[in-house]
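Structure record follows, encoded as structure tokens.
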Amino acid sequence: MKSICAWSFALIVGTLLTTSQHPPSMSRQAVGSESTEFSPERASFSVRFKDELSPYHVLAAFVLPGETLNLAVVAEGTDRRFVVAAAAGEIAPAGDRRWRWTAPTATGLYPLTLAQVEPPDSITLNAFVIVPYSDLEGETLNGYRIGNYPARPLRGLSIYRPPRGFIEVTPENQATLVAPHFRLEQFLCKQEGGWPKYVVLKERLLLKLEVILEAVNRKGYKASTFAILSGYRTPYYNRLIGNVRYSRHVWGGAADIYIDENPKDEMMDDLNADDRIDYRDADVIYDIIDEMYGQPWYAPFIGGLGRYKRTRGHGPFVHVDTRGFHARWGT
Ligand SMILES: [Zn+2]
């Protein structure tokens, strides 16, 4: 399924990251690799953009054509120097450790690199110029079926307004890292359809998944990424599978996750080592997430948390989302 193009693209993105000359211990780990040691891939500084604060060596940022993105480096110490480089668009200084990047108008991927000069360290923002929502033609976008977003947001909440736009996913860009341990293709809707495909995805969800992945590894469960049973769902597909209309998946803010490392069989691993794959394995992940609630740093990640039993159609999994308020369900 992966074309030569996709792989050469992955190499380019990889090169961008490795040229920042991290010490070997900080080098990027491939998603799903057999590497023994989990690395959280945190830089020695953070980048602030939109409402997000990311310490990771790589993260996606989604912008509209020609939109201006304010970037700020957040770092301790005053004697550190940072520079920014953009693959395209315009970079303008905007104060101490601040810049303004004006995105190109053409849809696509335009990596931005924020780098510390000495000692070398960097953060790459894989910036995607998305296709505006207004480009939808009826229920489709370039032949890909999206369906209808509800005209009226649930309880008037802004998180249920139609999305600003759609990330265009192609065979060439599908393997792009959207976070250190997640690739764009992991979030694709499971519906039929050719290329290009379209995805809605929230940066906050990516940050939350990284935080959870780090916690899971810290607890001793080896996971190089999470297997994602369901990431983005178009309203069309969400309706097709009979799900609730206002599912956070439709807004790119939810993921149904499980750990699938040993064996790699598209099924949850036996995390609690009782020789059974059941809801108790989902509980292991659920409880680790549950433990983080209430800690001040976790506040931006508060959202839905649900656990699901194994059925004939799927293994046990945990639903996480970034709706902004507390919600719990599951057995
Ligand atoms: Zn879900």
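What number of residues within region 229-254 satisfy the criterion of being of a type in the set (A, V, I, L, M), outside any helix (DSSP H, G or I) and either under 26 Å from PRO300 (Cβ atoms) or within 9 Å of the ligand (Cβ to nearest atom) (or both)?
First, the residues of region 229-254 that are of a type in the set (A, V, I, L, M): 229, 240-241, 244, 250, 254.
Then drop every residue that is not outside any helix (DSSP H, G or I), which leaves 229, 241, 244, 254.
Next cut, either under 26 Å from PRO300 (Cβ atoms) or within 9 Å of the ligand (Cβ to nearest atom) (or both) only: 229, 244, 254.
Total meeting the criteria: 3.
Return yes when GLY294 is within 16 Å of the ligand (Cβ to nearest atom), without any contact (Cβ under 8 Å) to a residue 24 or more places away in the chain and in the same structural domain as LYS219 (by TED's automatic domain parsing) and no when it is not.
Details: within 16 Å of the ligand (Cβ to nearest atom): no; without any contact (Cβ under 8 Å) to a residue 24 or more places away in the chain: yes; in the same structural domain as LYS219 (by TED's automatic domain parsing): yes.
No: the conditions fail for GLY294.
For region 215-239, what are the residues that are more than 16 Å from ASP256 (Cβ to Cβ) and not small (Gly, Ala, Ser)?
Residues of region 215-239 more than 16 Å from ASP256 (Cβ to Cβ): 215, 217-222, 224, 235-236, 239.
Hits for region 215-239 are ASN217, ARG218, LYS219, TYR221, LYS222, PRO235, TYR236, ARG239.
Restricting attention to strands (runs of 3 or more DSSP E) lying wholly within region 119-200, give those where 3 or more residues are farther than 19 Å from ARG239 by Cα and either without any contact (Cβ under 8 Å) to a residue 40 or more places away in the chain or in the same structural domain as ALA88 (by TED's automatic domain parsing) (or both).
Per the criteria, 121-129.
Being within 16 Å of the ligand (Cβ to nearest atom), assigned to a loop (DSSP other than H, G, I, E, B), in contact with a Phe, Trp or Tyr (Cβ under 6 Å, 6 or more places away or on another chain) and in contact (Cβ under 8 Å) with a residue 12 or more places away in the chain, is that true of even one residue in region 256-264?
Checked against the condition, which is being within 16 Å of the ligand (Cβ to nearest atom), assigned to a loop (DSSP other than H, G, I, E, B), in contact with a Phe, Trp or Tyr (Cβ under 6 Å, 6 or more places away or on another chain) and in contact (Cβ under 8 Å) with a residue 12 or more places away in the chain, region 256-264 yields no hits at all.
Going residue by residue through region 270-280, is there one that turns out to be modelled with pLDDT of 95 or more, part of a helix (DSSP H, G or I) and farther than 30 Å from ARG161 by Cα?
Kept after step one, since they are modelled with pLDDT of 95 or more, are these residues of region 270-280: 270-280.
Subset that is part of a helix (DSSP H, G or I): 279-280.
If we keep only those that are farther than 30 Å from ARG161 by Cα as well, we get 279-280.
Yes, there is a match, as at least one residue in region 270-280 is modelled with pLDDT of 95 or more, part of a helix (DSSP H, G or I) and farther than 30 Å from ARG161 by Cα.
Is it the case, given these coordinates, that ALA327 is within 16 Å of the ligand (Cβ to nearest atom) and of a type outside the set (Asp, Glu)?
Details: within 16 Å of the ligand (Cβ to nearest atom): yes; of a type outside the set (Asp, Glu): yes.
In short, yes.
The values are calculated or read from the model by the stated rules, or taken from the named source; none is laboratory data. Note that the structure is a prediction, hence the values are computed from the model and not measured. Note that we place each Cβ from the backbone using ideal geometry, even for glycine, and neighbour counts take in every protein chain shown.
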